[in-house]
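Here's the structure, in structure tokens; my notes come after.
The values are calculated or read from the model by the stated rules, or taken from the named source; none is laboratory data. Nothing here was measured: the structure is a model prediction, and the numbers come from that model. Cβ coordinates were reconstructed from backbone atoms using ideal geometry, including for glycine residues, and neighbour counts include every protein chain displayed.
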Amino acid sequence: MEPTDLTPDLTPDPPLDGPATPTLMRARTPDDIAAFVPLALGFVPERSVVMVSIGAGGLHARVDLPHDPDDVDDVVEALLRPARRHRVAEVIVVVYDDDTTVADEAAWAIHEELTSAGILVHELLRVHDSHWFAVLPGAPLAAYRGVRFTLDEHRFTAQSVLDGRVTHASREDLRATIAPDREAIAATAPHLGDARLLPAGALAALVRRHVELGTSFSAAELASVALAVRSGASRDEAWVWLARPQARRAVDLWSDAVRRLPSPHVAGPAAVLAFCAWLLGDGALAWCAVDRCRDAEPSHSLAALVDQLLDTATSPDQWELLRPRLAASGDPAA
């Protein structure tokens, strides 16, 4: 495979004092691709199809791989939509599964449809049990039998650690980072019944202060915040003013809040976390936060907005252009 520059959102978290400089990773081999994808996603995929665009302004998308071969068309369409919308010209595709029949069918169906759409598929791999397998013609025979790779020892992994990025062993491990913390919930619970509704502007001021200082809500503050973010107009104070350099600390603040709240109070904070994670460029965490919100409140408006941003693969770099349009609507999350 010819050397290819891959820059699809694999960058350090934005620093607090300005925009991040992307880390350029040059993939020369299938080993490099197999190591790159988990770092780009933030977790090691299972039963997934991952599409990564090549070049500046990159895009990556992951779709669950179905058990039924008849459902492969849905996977193809889910990947084609963002590729067409963002006018992607070149991609690599990696299929994660232990079911060779479904994986191969998905791989070739995706290759056919992407090629028909004028999108060049540079490489197409299957990955299973720390081995990558070639799919396209022209590879050495050993590549079709499977080539072992070690993610922990790869140079991309070392660079990712230096950049401060965390790669979780699975999506479930990532989801666990915002799971309920029983002891923390027990400490918050006594304050929920006495929580006072915050006056206009107070939520924004409180959130700004904690984001600037890198601190967390006290138990009493968290109870009032949980009450405030139930209302759309009040909730918008928590997120519409955020910019990308603030996203990392905002994610930390709202992740902590989500872990410390019982289910009846978690929907609003989880939706705000989902937005902050999208703004940071952590789509996987954003989806997990959307799920936590919808477990408590399936029709939550802010979760629906973040869902749309993720489903259309909208880059967080577009936030400054989107913000005025949302503000003009009168209810950004409506």
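Close contacts from the range 55-78, counting a first residue that is more than 27 Å from P316 (Cβ to Cβ) and a second that is at pLDDT 80 or above, with Cβ to Cβ under 6 Å and a gap of 6+ residues or different chains, come to P69/V102; P69/E105; V72/E105; V72/A106; V72/A109. Against the numbered list (1) touching an Asp or Glu at 6+ places or on another chain (Cβ under 9 Å); (2) part of a helix (DSSP H, G or I), W132 comes up short only at (2). For the range 199-217, the criterion of being buried (at least 21 other Cβ atoms within 10 Å of the Cβ), small (G, A, S) and either touching a strand residue (DSSP E or B) at 6+ places or on another chain (Cβ under 9 Å) or assigned by TED's automatic domain parsing to the domain that holds S299 (or both) is met by none of the residues. Listed by position, the helices (runs of 4 or more DSSP H) enclosed by the range 149-242 that each have at least 1 residues that are within 23 Å of the chain's Cα centre (by Cα) and not aromatic (F, W, Y) are 155-162, 171-176, 202-213, 232-235. Scanning the range 132-160 for residues that are farther than 12 Å from G42 by Cα and at pLDDT below 90 turns up T150, L151, D152, E153, H154, R155, F156, A158, Q159. With respect to (1) surrounded by 11 or more Cβ atoms within 10 Å (Cβ to Cβ); (2) more than 21 Å from A61 (Cβ to Cβ), the lone exception for H128 is condition (2). Listed conditions (1) surrounded by fewer than 22 Cβ atoms within 10 Å (Cβ to Cβ); (2) among the aliphatic types (A, V, I, L, M); (3) under 23 Å from the mean Cα position of the chain (by Cα); (4) within 20 Å of Y144 (Cα to Cα) are all met by V102, apart from (3).
When you check A277 against the structure, is it closer than 18 Å to V166 by Cα and either part of a helix (DSSP H, G or I) or not assigned by TED's automatic domain parsing to the domain that holds G193 (or both), yes or no? Yes: the conditions hold for A277.
Of the residues making up the range 218-244, just one is basic (K, R) and either crowded, with 21+ Cβ neighbours inside 10 Å or not assigned by TED's automatic domain parsing to the domain that holds D317 (or both), namely R235.
Taking the conditions exactly as written (in a helix (DSSP H, G or I), in contact with a His (Cβ under 7 Å, 6 or more places away or on another chain), crowded, with 21+ Cβ neighbours inside 10 Å and not aliphatic (A, V, I, L, M)), does C293 satisfy them or not?
yes
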